[in-house]
Amino acid sequence: MNGNVIKKKLNVYLANPRGFCAGVERAIQIVEKSLIEYGAPIYVRHDIVHNNTVVNDLIKKGVIFVEELDEIPKTNQPIIFSAHGVANSVFKDAEYKNLNFIDATCPLVSKVHIEAKKLYKDGYEILLIGHSNHPEVIGTIGQLPENSISLIENIDDANEYIPIAPDKLAYITQTTLSIDDTTEIVNLLKSKYPSIKSPHKNDICYATTNRQEAVKKLARIADVMFVVGSNHSSNSLRLVEVGKRSGCEQSYLIENANKINWEIINNIENLFITAGASAPEILVEEIINKISNRFDVKLINDTFTEENISFKLPNIKNK
Ligand code: SF4
């Protein structure tokens, strides 16, 4: 084979910001520091963050992932609750079982929990805009007694909802939603119930917002967009939707470099790559390296928003 094969040119635009957010960094650090402090095994309830690479790496280091506390044998080793947050009943259950638990809930999810509790105390009828069965939604609903929060998943739900007390209505949202979908739902609710109470500060977090904004800015010039992330990552799935809606019909979720569909990018000029808030940068690097083996890649790395947020770790000392 001729070693001097001329590679086809490909512009690869990288979204900035992309990948890990402060809540994900914190959650992973909590697990890693716990492993150092206590040694393996460490238990984590639910995927610490929704990314298969992160989870598999931690399994190799001695983490055992469970879905329910009942799966954990009697132990003094810590049990970590994932970044998505948990219902109050999980804390109570852990206390009852005398488990040594560490809460890795993202502080921005905890902020929504605090908001929900305050609204309940003030007598509001609460709507939660979010996706059913997502652990964050289950955790937020579980902050209050049963049936205290009504879930609004889409515009139809918002249209059909009949409040008991329209003058004492409030909404909160999941942190990783599509900004545009949520705005549409909120606008409808506001037009029907003008006095509906909004959160003090948008519940959709800074990381979700910045990653979606970066996609909106570049999607139009991209022939194809790859969103690096796992298929159960809410914020990654939203980035694919935002890409499609913002002008890049060919927007795809891609788990890792082994999943590149070469047919899709063989005849294009501009590829756009971003990563969901739970996807490690190494996956982006591996994808770029693999693409560079076949193409003459020109990397274009523009920054749209600087992020310098970090969250304090909880105390994870072995007492
Ligand atoms: S996506 Fe937002 S809410 Fe979720 S962990 Fe990251 S910073 Fe926290």
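Which residues, counting only those in the range 207-229, are under 19 Å from Asp181 (Cα atoms), in contact (Cβ under 8 Å) with a residue 60 or more places away in the chain and buried (at least 18 other Cβ atoms within 10 Å of the Cβ)?
Ala207, Thr208, Asn210, Arg211, Ala214, Val215
Which residue, of Asn293, Asn308, Asn315, is without any contact (Cβ under 8 Å) to a residue 60 or more places away in the chain, out of contact with any Asp or Glu (no Cβ under 9 Å at 6 or more places or on another chain), within 16 Å of the ligand (Cβ to nearest atom) and not assigned by TED's automatic domain parsing to the domain that holds Asp47?
Exactly one residue qualifies, and that residue is Asn308.
I'm checking my understanding of the structure. Among residues of the range 159-178 that are surrounded by fewer than 21 Cβ atoms within 10 Å (Cβ to Cβ) and in a loop (DSSP other than H, G, I, E, B), which one is nearest to the chain's Cα centre (by Cα)?
Of everything passing the filter in the range 159-178, Ser178 is nearest to the chain's Cα centre (by Cα).
Among the residues in the range 79-97, are any more than 26 Å from Lys190 (Cβ to Cβ), more than 16 Å from the ligand (Cβ to nearest atom) and not assigned by TED's automatic domain parsing to the domain that holds Glu37?
Applying the first criterion (more than 26 Å from Lys190 (Cβ to Cβ)) to the range 79-97 yields 79-97.
Narrowing the set further to residues that are more than 16 Å from the ligand (Cβ to nearest atom) leaves 79, 87-97.
Filter once more, so that each one left must be not assigned by TED's automatic domain parsing to the domain that holds Glu37: none.
Checked the range 79-97: no residue is more than 26 Å from Lys190 (Cβ to Cβ), more than 16 Å from the ligand (Cβ to nearest atom) and not assigned by TED's automatic domain parsing to the domain that holds Glu37.
Out of curiosity, is Leu237 among the hydrophobic types (A, V, I, L, M, F, W, C), at pLDDT below 95 and crowded, with 16+ Cβ neighbours inside 10 Å?
Judged against the criteria, Leu237 is not a match.
Here are some residues: Ile42, Ile30. Which one is under 18 Å from Leu99 (Cβ atoms), within 16 Å of the ligand (Cβ to nearest atom) and either in contact with a strand residue (DSSP E or B) (Cβ under 8 Å, 6 or more places away or on another chain) or not aliphatic (A, V, I, L, M) (or both)?
On inspection, the qualifying residue turns out to be Ile30.
Confirm whether Gly243 is among the small types (Gly, Ala, Ser) and not in a helix (DSSP H, G or I). Write out each step before concluding.
On the way: among the small types (Gly, Ala, Ser): yes; not in a helix (DSSP H, G or I): no.
So Gly243 fails the test.
Considering each of Leu119, Leu108, Leu127 in turn, give the residue that is in contact with a helix residue (DSSP H, G or I) (Cβ under 8 Å, 6 or more places away or on another chain) and farther than 14 Å from Ala27 by Cα. Talk me through it step by step, then tell me what you get.
Values: Leu119 fails: in contact with a helix residue (DSSP H, G or I) (Cβ under 8 Å, 6 or more places away or on another chain); Leu108 fails: farther than 14 Å from Ala27 by Cα.
Exactly one of Leu119, Leu108, Leu127 is in contact with a helix residue (DSSP H, G or I) (Cβ under 8 Å, 6 or more places away or on another chain) and farther than 14 Å from Ala27 by Cα, namely Leu127.
The values are calculated or read from the model by the stated rules, or taken from the named source; none is laboratory data. In this text, all values refer to a predicted model and were calculated from it rather than measured experimentally. In this analysis, Cβ positions are derived from the backbone assuming ideal geometry, glycine residues included, and neighbour counts consider all displayed protein chains.
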